[in-house]
Amino acid sequence: MKKRIVVVVLGICFNKKGQILLTQRNQPREKQVHKKWQFPRGAIEFGEDPLRALKREVKEEIGVDVKILELIPHIATCTWKHPKSLCQNIFLSYLCKIIKGKPNSKNFETYHLDWFYPKDIKKLKSLPKTNEIISAALSLIKKHL
């Protein structure tokens, strides 16, 4: 089985109420992730700057421009088994503020999106490491409110 490592950037977007934006993943062929809640995210392409990758991915997934405020000092990782490969994802999470546009779920990868208070996210069916990353981000979100 082929093994690969993918570096993924996550955009932790928040609003003035302290709510965090999550998207519900649309990937019916992969039951382990389909309709699970996640942050806007994407893989860094070869040679691409992580900040540029994050801005590109957020624009593609939810149609907005963001200002990246800071790196969340927590690196998470998880392993996914795919039909033909084993993939280790390494997550770099950034606190973001939407500066242009209104989030939408028009992208084929996004089933739905919504704003949640951090305490309510724990009740959702979300992808691994979501709550861990939120815990690491909370003090930074409060600092920027």
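Quick notes
- Net charge of Cβ neighbours under 9 Å - reference T23; Lys, Arg +1; Asp, Glu -1: -1
- Longest to shortest principal axis, alpha-carbon extents of the range 55-137, angstrom: 37, 29, 25
- Here is how the number arises for the chain: DSSP H runs of 4 or more residues each give -39500 (n - 2.57), the sum is divided by the residue count, and the result at 222 nm is -6500 deg cm²/dmol.
- Sorting S105, S135 by the number of Cβ atoms found within 10 Å of their own Cβ, with the fewest placed first, yields S135, S105.
- Relative to its residue count, the chain spans a Cα convex hull of 104 Å³ per residue.
- Exceedance of the 28 Å cut-off in Cα-Cα distance is absent from the set K35/K100; K55/K125; K102/K143; K36/K119; K16/K55; K100/K143.
- Long pairs among K31/K67; K17/K122; K3/K122, criterion Cα-Cα beyond 29 Å: K31/K67; K3/K122
- Nearest-ten-degree value, helix 130-144 long axis tilted from longest Cα axis of the chain: 30 degrees
- Take every Cα pair under 8 Å whose residues are at least 6 apart in sequence, average their separation, divide by the length of the chain, and the relative contact order is 33 percent.
- Each of V66, V6, V58 was scored by other Cβ atoms within 10 Å of its Cβ. Arranged with the fewest first, they read V6, V66, V58.
- Cα lying deepest toward the dipole's positive end in the chain, options L22, L138, L124, charges on Cβ: L124
- Counting only Cβ charges, +1 for Lys and Arg and -1 for Asp and Glu, the dipole size of the chain around its Cα centre is about 400 debye.
Here, each number is a calculation from the coordinates, and none is a lab measurement. None of the values given here were measured: they were computed from a predicted structure. All Cβ positions, glycine included, derive from the backbone under ideal geometry; neighbour counts span all protein chains shown.
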